[in-house]
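No value in this document is a laboratory result; all are computed from the given coordinates. Every value quoted in this text rests on a predicted model; they were computed, and no experiment measured them. Don't worry about glycine lacking a Cβ; one is built from the backbone with ideal geometry, like all the others, and counts go over all protein chains shown.
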Amino acid sequence: MLRAHGQDSSLNAVIEKMKTPDGREVVTVSGRFYLWQRQSAETLLEFQADSAVLFFQEGQFDLAKEKSGRDLAQGGLESAYLRGNIVMTEGRRTIRADEIYYDFASKQAAVVNAEMRFFDEKRGLPIYLSAERLRLVGESLFQAEKVQLTSSEFYIPQISANASRMVVMREEDVSRRADALAQAEQATAEQRRDEAAHWEGSMYDVNMKYYQTKLFGWPKMRTKFVRPDIPISSLAVGNDSDFGTSVETRWYLSRLLGFKEPPGMEARLAADYFSKRGVGGGVEAEYEDDDSLGRLIGYAMTDRGEDDLGRSENRRNLDPDQDVRGLFGLRHRELLPDDWQATIEVGYLSDRNFQELMYRDEFYTDKGQETLLYLKQQRDNWAFTILGKARINDFETVTEEQPTIEYHRKGESLWDHQLTWYSDSRISRLRDRYDNDYARFYGTDHPSEDFYTFGSTRYEVDWPFMLGTAKFSPYVAGTYAFEDQNGYDLALSGPMASNSNNTAMLGEGGLRASTMFWKEDPAVQSRLWDIDGIRHIVMPHVEAAAFEETEAGIKQRDMV
């Protein structure tokens, strides 16, 4: 049902009707009017304009008999051409324009000199899109020409993105999620509203402007109509004695390249300039989904400077001996069927000092750069693993594992739950790789880099029980180890052991005991520190063990 209403009873809209040769009724309206159509139980499609040409099927137009009220006419409308100070509203989306042609059957429209307002529900902010030509291709697809996108409603916005062409659409998968949320009992109104308001746009031949000054141009960008809409993520400008004047920028990679960023992924492009060293660039990305997660970083820079890494003389004025330096790191974990998981890592550095110079936080707090493949199957109380690790940075000292296979079982019940069994077994094919500058640092050639085999297995049986509030666990354990390179020829205190072998065995027995004491004091209260009573807990633990070994190389000290 569609009706036309005069906005003010004192302003009479002039309505004229005629018929076309094919029988359709054409109605012209002159004077300010209001037009509406119900789209759904919650949504109205509304128009206001100064004049219009309306197209009806034969017999559908009904001119109101009573002219005293505001109701002028009603009928089933096919299409409409509107002109002059147009305001089109559908839900929270508003379009202002000079001219509109709208097809009600296909829900398509052509708009001249349009300004469309989106609303970011999460932040409560409007987003404005202005275009010389705007086409509504479907309910969830717009195409625009000569576009300006901004979050400011001023005629000349402070920050804006200007494009020759733009395509705006509502994501199909988001719409499906919105429908699913609407049907789910636990879905909140806020969740449904946020999902329904999810739009994305692709912009072509883009110019970013500050007022009317062009900042930069790019062939294609994407936007989700949330702040910030510009593709830059961060900008840092500084100056110091090592790098000179520096400009470090991070950009949203998906917006620059114009592709849709997959859910769970964040990717940034790094573009840097250092007046005393050179230019650098790279990519930083993190991603996660139901079955995998990972991180990738790649960075390269031209470098004509020297490294100052500390206060001592041997840490200052270091020549990197390379004009191009960088790093590449990849860490990926994939969950596989049958309780398997795979971890892949690649860690490449151009030289020993680059990470400490450019990524100091990671150098001091992150794990070392490794290149490995790790497979693990874990189920219940056991785990089986395979590890292969290789060295690709020749300035590092690393033990390669090609491969290492391990099997672990924890807390296996024996003898009707009276005893508990633990086992850990490992077999490895290893090779010690030394720094290529080992002789320069240590004044002698590095030891052998031949492959060797190492294996060990340890078994432990515990007998846990309680006496009162105390827990006791007597245990016995045995270890067997094999190593065919140097064997066990180095005693614990340092000197070479006599009559050493490639195999060794270690027996141990002991007792673990623990208990717990506590006292509650509900009288301690504090609104400032959010305290409603306190509890003191004391957990004493005692362990005593004795060892017996076959080789001095694995000698252990008896302890209490």
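Shape call for segment 231-369 from the C-alpha gyration tensor, a ≥ b ≥ c root eigenvalues: rounded (a/c under 1.5), prolate (a/b greater than b/c) or oblate? All intermediate terms of the calculation are to be shown ahead of the outcome.
On the way: a/c = 2.85, a/b = 1.53, b/c = 1.87.
Taking the square roots of the gyration eigenvalues as a ≥ b ≥ c, segment 231-369 is oblate.
For a 29 Å ceiling on Cα separation, which of these pairs sit above it: LYS367/LYS555; LYS367/LYS471; LYS367/LYS410? Pairs exceeding the cut-off: LYS367/LYS555; LYS367/LYS471. Candidate cross-link partners of LYS519 among the aspartates and glutamates, defined by an alpha-carbon separation under 18 Å and a same-chain spacing of 8 or more, comprise ASP532. Treating cross-link reach as a plain straight distance, find the aspartates and glutamates whose alpha-carbon is under 12 Å from the alpha-carbon of LYS19, omitting any fewer than eight places away in the same chain. Filter leaves GLU58. Take each peptide in 420-432, 445-457, count the other Cβ atoms within 10 Å of every residue, and average; sorted highest first, the result is 420-432, 445-457. Extending 7 Å from Cα along the Cβ direction at VAL542 and again at VAL560 yields two label points whose distance is 0.8 nm. Taking amide H atoms as placed 1.01 Å from N in the peptide plane, the amide H of SER79 lies under 5 Å from those of PHE55, PHE104, each 5 or more residues away in sequence or on another chain. In sequence order, segment 252-267 has phi-based couplings of 5, 5, 5, 5, 5, 8, x, 10, 7, 6, x, x, x, 10, 10, 10 Hz under the Karplus curve 6.51 cos²θ - 1.76 cosθ + 1.60, θ = phi - 60°, and Gly or Pro positions carry x. Counted by neighbouring Cβ atoms within 10 Å, the residues ILE392, ILE159 run from fewest to most as ILE392, ILE159.
Mind checking the full-extension length gain between GLU16 and ARG304? Use 0.36 nm per residue of separation minus the Cα-Cα distance, one decimal, nm. List each step's numbers first, then the result.
Numbers: separation 288, 0.36 × 288 = 103.68 nm, distance 8.01 nm.
Between GLU16 and ARG304, full extension yields an extra 95.7 nm.
Stretching the chain fully between GLU334 and GLN108 yields a gain of 76.9 nm (0.36 nm per residue, less the alpha carbon separation). Maximal additional length on extending the ARG117-GLN402 stretch stands at 96.5 nm, based on 0.36 nm per residue less the C-alpha distance.
Simple spin-label estimate for PHE472 and GLU286 gives 5.0 nm between the two label positions (7 Å along the Cα-to-Cβ direction from each Cα). For the chain, find the longest principal axis of its Cα atoms and tell me its angle to the long axis of helix 172-183, 0 to 90°, nearest 10. Result, in degrees: 90.
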